[in-house]
Every structure is written in C-alpha cells, then in structure tokens.
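What follows draws every value from the coordinates through simple rules; no lab data is involved. Just so it is clear, the model here is predicted, and its values are computed rather than measured. Please note: Cβ atoms are built from the backbone with ideal geometry, for glycine as well, and neighbour counts cover all protein chains shown.
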Amino acid sequence: MTDTPGDLETSPPQRRSLLDLHRDELVGWLAEQKQPKFRAAQILRWVYQQRAMSFEEMTDLPAKLRQRLAEDFDLFTASVEVEQVSHDGTEKLLIRLRDGGEVECVLLRDGPRRSICVSSQVGCAMGCVFCASGLDGVKRNLTHGEIMEQMLRLQRRLPADERLSHIVMMGMGEPLANLDNVLATLDIARDADGLGISPRRITISTVGLPPAIDRLARHGVPYNLAVSLHAPSDELRNRLVPVNVKVGIDKILASADRYFATSGRRLTYEYVLLGGVNDSIQQAHELVRLLRGRSALLNVIPYNPVAGLPYKTPSAGAVTQFREALEQGGVNVQFRTRKGSDIDAACGQLRRNREQLTESQLPLA
Ligand code: SAH
C-alpha cells in the first residue's frame, strides 16, 4: 500500500446522480440488475410525481433494488443552505452544489399559479451592470440534473394537492449559454412521466444571443421566449448589457422575430426600469418605435436594488410617465409588481447577501 496524496483508496466512491441519468441509461442500468424495463417508469413516478426524498421510500420496488439504487446513485446531490419565506408566499432557496457552488431558485404563488424560477449556471458571464448574479463572472454550467433538482426541491415545498404550473428560466446564469442542459431538463419537465408541464407554461429568458435563439427555434418545442432588452438604443444597451457590443439590438430583434415566426408564441421583452438611467419619456418613445408592429409584450420590471451597486428603483412619478408614454404609443405593456420584496428576491442577491443574514431568515442546519 502507498500513502501518496493521490491515494484515494479509503474515500467512499462518488455515487452518480440519478437526476443526471437519461431515461435510456436508467433502463440500461436496470437491465444490468436483471430488472424489467417498467421499473424505470416506477422510479420516475416516485421522483417526479410522488416527491420521494430517498430510494428507501419507493416501496413498490423490491428491497434489494432499492438498496442497489442507493449504492450506485444519489437521488439529490445538492443541499439547501438557506431558505427564505416571504409574507406573500414567495419562497427562495439557496442551493449548495456538490462542488460547493451556490445557486438560487424561487417558488412564486400567484392565485392558482405555482411558478418556479430556476438557475442555469453558477454565476453569469453576461456582465449586466445592475445584476447581482454576474458580479463575479461565471463559474460553470449546471448539469441537467442540477437544474432539475432545483425544480424538485421547490415542488416538494407544495402541499400534496398542489402542482407546479409554470417554469421560468430566469434565475442565475444565461440559459442560452447552457442550452443543451437546459433543453434536457425541460424535456423531463414537460414529459408526462416527468413534471407534466406544457411548454406553453415554460419561459426561457435570455440576454439575447441570436445563434442560440435560432437553435431554440430549430428545436421546435414552443417554449415562451423572453428577451432582456433594458434599453431602446445600442448606445445605452452597450453600457448596461456589455455583451450587446458584440451583438446589437437589430440582430436580437431579428432573431426573436424568427423565433416568433417558427413557434407562434408571442414574445416578451423585459425592461428593468433603472431610475434616471432608462426611464425617461424620450426613451419610452424610442421603445415605441422599436416595438411598434411587433407581436410582443413589454414586461417592465422595477429594479430590485442590489447592495453595493449604484442603481435605483425609479420614482412612482417616473414609472407612471413611462407607462403612459408606452401605452399611448400602442405598445402592449405590463408592469410587473415585485414579489418577495421582503426577501432577497432578485436572483443572485441571496448568494451575495449571505454574510448579512438576519434572524428572520432561516439558515438550515
Ligand atoms: N440571463 C437571462 C436570465 C436571467 S436574469 C436574462 O438576461 O434574461 C432574469 C431577468 O432579471 C433579466 O431580465 C434580468 O435583467 C433581470 N434582473 C437582473 N437583476 C435584476 C434586479 N436587480 N432587479 C430586477 N431585475 C433584475
């Protein structure tokens, strides 16, 4: 025996993540265990519909099989580091991944809707100057199992008679920079044996990467597309969304138009309203010129201030003027109200503000 630093003989073997397995891989593993194929559907039902937290709970599987599953796989590979519950029913989780990376995800309750917002990357490379997620750049893409684990952990916070109804890919990261894994997750999210959520209730939000938007169109599943615009001119957008320098608004709008032509799904443009930066009446008029004639909804989001950044939520008066100018210009506009404003609701903030947690927030053991 050697005792060199590289000698890992005494470490327990790293188990594979069940959620990262594709269905045919699970069927293959079951075949190796001399188990019938229908066991795969049984396992999936336990994971996605019966909300199992362990293999032990899967009581219609033979005990020996449950034991073999637990030897070879982890059902969940991450842990919930912090959970926050807002008085309006919004819940936010800070998830710690196996390698120590952290991401956030949110459950929103709105009438009968049970929507979740999940992350696609640890950090973000897009560098939007007002956003907490990208302040330290991107660390890595999440695997499709890690994206799914966020969905499942949020699902398990609902009472048994409630189901997840909507998914938005609007957490940390740029989903179109991790498109393969995002699409693999969403395949399971919309599968009847998975979460069974229609693609019409799933929204992918992007900073605007035209080649990836075209790929999404070719993929052919009619997900809703939301494009984060935030400025009516390249001059301003280059400053707020640095990746714009290489792309430009015209190319983004053209690729979004192509997505609309292929998918038939009405586009959403998102516009974070930053006081004194992009909220003037003149900028509203420019937006009207840009969006007039397009089948698009402009979703205006009041800025959620991020500690240490100089941007501010606009005044009520500025919001009203901005709104009136858009409505008079015939733009289909929606002003989103803030949810979870008493918790670190804008994605990226919880991870950032951890050191300043107060007693009302609940660090888990
Ligand atoms: N990278 C994707 C998805 C993640 S961000 C994208 O850019 O769309 C989801 C949305 O939240 C984006 O429109 C983003 O600009 C916005 N956002 C980021 N920080 C915010 C903040 N502090 N307040 C309000 N909206 C914010």
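Note that the range 185-197 has calculated 3J(HN,Hα) couplings of 5, 5, 4, 6, 4, 9, 5, 4, 7, x, 8, x, 9 Hz, one per residue in order, obtained from phi through the Karplus relation 6.51 cos²θ - 1.76 cosθ + 1.60 (θ = phi - 60°); glycine and proline are x.
Across H22, H230, H144, mean-square fluctuation computed from a Gaussian network of the chain (C-alpha pairs under 10 Å connected) peaks at H22. Structure remark: mean-square fluctuation, Gaussian network model of the chain, C-alpha springs under 10 Å; the largest value among S165, S315, S17 belongs to S315. Near the amide H of I197, within less than 5 Å, lie the amide hydrogens of R190, D191, all on another chain or at least 5 residues away, with H placed in the peptide plane.
Given charges of +1 on the Cβ of Lys and Arg and -1 on the Cβ of Asp and Glu, with all other atoms neutral, how large is the dipole of the chain about its Cα centre, in debye to the nearest 20?
With Lys and Arg at +1 and Asp and Glu at -1, about 1120 debye.
Calculate the all-directions average of the projected area of the range 236-300's alpha-carbon convex hull, and give it in nm².
Working: hull surface 18.4 nm².
Mean projected area of the Cα convex hull: 4.6 nm².
In order along the range 314-321, phi translates into HN-Hα couplings of x, 5, 4, x, 5, 5, 4, 4 Hz, rounded to whole numbers, per the Karplus curve 6.51 cos²θ - 1.76 cosθ + 1.60 with θ = phi - 60° and x for Gly and Pro.
How much of the pair distance distribution for the range 176-311 lies past 18 Å, counting alpha-carbon pairs only, in percent? Summing the P(r) of the range 176-311 above 18 Å gives 57 percent of all pairs. From the Cα gyration tensor of the range 44-175, with a ≥ b ≥ c the square roots of its eigenvalues, which class applies: rounded if a/c is under 1.5, or else prolate if a/b is larger than b/c, or else oblate? The shape class here is oblate. Secondary-structure-derived ellipticity at 222 nm for the chain, considering helices only, amounts to -9000 deg cm²/dmol, per-run term -39500 (n - 2.57) for DSSP H runs with n ≥ 4. Among A231, A160, A40, the largest mean-square fluctuation in a Gaussian network model of the chain (Cα springs under 10 Å) belongs to A160.
Have a look at the DSSP beta bridges in the range 97-229 and tell me what percent are antiparallel, nearest 5.
Values: 8 of 18 bridges.
The antiparallel fraction comes to roughly 45 percent.
Note: relative contact order over the range 166-214, using C-alpha pairs below 8 Å and six or more positions apart, is 51 percent. For the chain, the relative contact order comes to 15 percent (Cα pairs under 8 Å, sequence separation of at least 6).
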